[in-house]
Structure formats: C-alpha cells, structure tokens
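*Asks:* Next up is a structure, given as structure tokens.
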Amino acid sequence: MSKLTYKVSYYVLYALLAVIAIVLVLFYFGGSATGDDVIASIDPDMWQPAQTDALLYLMYTLFFVTVIAAVGAAVLQFGSALKDNPSNALKSLLGVALLILVLFISWAMGDDTPLEITGYTGPDNVPFWLKITDMFLYSTYALLIITLLAILVSSIKKRLS
C-alpha cells in the first residue's frame, strides 16, 4: 500500500471515529426530546433522547458510504483483474454470486406473517418489510458462519502446508 493511501485512510478513520464519538456523546448526554420530537404513543416514563435523529442519519450515511465504497472497490478490482487475467477475474465473481444466493435463500426463508405488537399501528408491519428483516438477519448469520469457517479452514490449511 502506498504511503499516501495509508495516510489518507489513517486520517479518514480517525475523522470518522471522532464524528461517531461526538454523535454518541450527543445522543447519550444531549438531554431528552421536547416538543414535536416527543413520540406521544410511547410510555412517558421511557426516556426519549433528543439527538436520536442525528444518530440515525449518521448510521444511514455510514451504511450508504460503505456500500458505495465496497461496490466501487469491487468494480475497480474486477476491471483491473480482467485486464491481467480474465479467468481469475471471472472466478472473483463467485463471491458476489454466493452473496446473491445467500440473500435469495434467506429471503425465501423469511416469514411474512404480520406481528401482533401491542400499541403499534405503523406502516412497517407488512409482509414485505417482515421478509426483508428476516432476510437481513438470516444472511448476517449465514455470512458470519461462512466467515468463521473460512478462517478455520485457511488456518488449518496454512498449518498443514
């Protein structure tokens, strides 16, 4: 890795950690929600932080930046590998195909039965969002298990060779 790339990633990492720390401090110590920010349907004895929106927007932003960076890096890596060795570049698509397969299987496993949530009448208790939620949970579990197995197999393979 070049020195410039290392320095940029180093500073970006610490800038992101600083922003995350600031938002978390605001969330936990920024007081209680007032006025229009208070959700009336929630028990008044429950604490409603004033900076919940800031935390949610930060998480959305970090998620989308991560997705864009991952997709961009995969496309650039595939493009450069396609020039050097087309067969290995096509083999690298195996990981993407595996991810799509895991997402499809976890979508099919998802339950679309509406939940009975006391006091909740919102729009998100519908089959589509329930299946999406199950898909994310099941795919997270599957990818975690696949990652742990890959670590185990590669360490055993390294010891044997």
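The values are calculated or read from the model by the stated rules, or taken from the named source; none is laboratory data. Treat the numbers as computed from the prediction; the structure is a model and nothing was measured. Cβ placement follows ideal geometry from the backbone for every residue including glycine, while neighbour counts extend to all protein chains displayed.
*Asks:* Given the structure, is Ile156 assigned to a helix (DSSP H, G or I), of a type in the set (Val, Ile, Thr) and surrounded by 13 or more Cβ atoms within 10 Å (Cβ to Cβ)?
*Replies:* Working: assigned to a helix (DSSP H, G or I): yes; of a type in the set (Val, Ile, Thr): yes; surrounded by 13 or more Cβ atoms within 10 Å (Cβ to Cβ): no.
Criteria not met by Ile156.
*Asks:* Asp111: under 28 Å from Leu144 (Cα atoms) and either touching a residue at least 40 places away in the same chain (Cβ under 8 Å) or of a type in the set (Asp, Glu) (or both), yes or no? Working first, answer last.
*Replies:* On the way: under 28 Å from Leu144 (Cα atoms): yes; either touching a residue at least 40 places away in the same chain (Cβ under 8 Å) or of a type in the set (Asp, Glu) (or both): yes.
Considered against the rule, which asks whether it is under 28 Å from Leu144 (Cα atoms) and either touching a residue at least 40 places away in the same chain (Cβ under 8 Å) or of a type in the set (Asp, Glu) (or both), Asp111 comes out as yes.
*Asks:* From the set of residues in the stretch 55-88 that are surrounded by fewer than 11 Cβ atoms within 10 Å (Cβ to Cβ) and of a type in the set (Phe, Trp, Tyr), which is nearest to Phe27 (Cα to Cα)?
*Replies:* Selected residue: Tyr60.
*Asks:* Which of the residues spanning the stretch 51-97 are in contact with a Leu (Cβ under 8 Å, 6 or more places away or on another chain), small (Gly, Ala, Ser) and over 24 Å from Leu13 (Cβ atoms)?
*Replies:* Across the stretch 51-97, the qualifying residue is only Ala89.
*Asks:* Now, a different point. In the stretch 1-114, which helices (runs of 4 or more DSSP H) lie fully inside it and hold 3 or more residues that are in contact with an Asp or Glu (Cβ under 9 Å, 6 or more places away or on another chain)?
*Replies:* Working: elements: 3-29, 52-84, 86-109.
In the stretch 1-114, the matching helices (runs of 4 or more DSSP H) lie at 86-109.
*Asks:* Suppose we keep only residues that are of a type in the set (D, E, K, R) and surrounded by 10 or more Cβ atoms within 10 Å (Cβ to Cβ) within the stretch 1-43. Which one would you say is modelled with the highest pLDDT?
*Replies:* At the first step, the residues of the stretch 1-43 found to be of a type in the set (D, E, K, R) are 3, 7, 36-37, 43.
If we keep only those that are surrounded by 10 or more Cβ atoms within 10 Å (Cβ to Cβ) too, we end up with 7, 37.
On the way: Lys7: 89, Asp37: 67.
So the residue we want is Lys7.
*Asks:* Is there a residue being in contact with a Gly (Cβ under 7 Å, 6 or more places away or on another chain), under 30 Å from Ile39 (Cα atoms) and assigned to a helix (DSSP H, G or I) anywhere in the stretch 133-146?
*Replies:* There is at least one residue in the stretch 133-146 that is in contact with a Gly (Cβ under 7 Å, 6 or more places away or on another chain), under 30 Å from Ile39 (Cα atoms) and assigned to a helix (DSSP H, G or I).
*Asks:* Every residue in the stretch 89-128 that is more than 29 Å from Leu76 (Cα to Cα), loosely packed, with under 14 Cβ neighbours inside 10 Å and of a type in the set (A, V, I, L, M, F, W, C), please.
*Replies:* Ala108, Leu115, Ile117, Val126, Phe128
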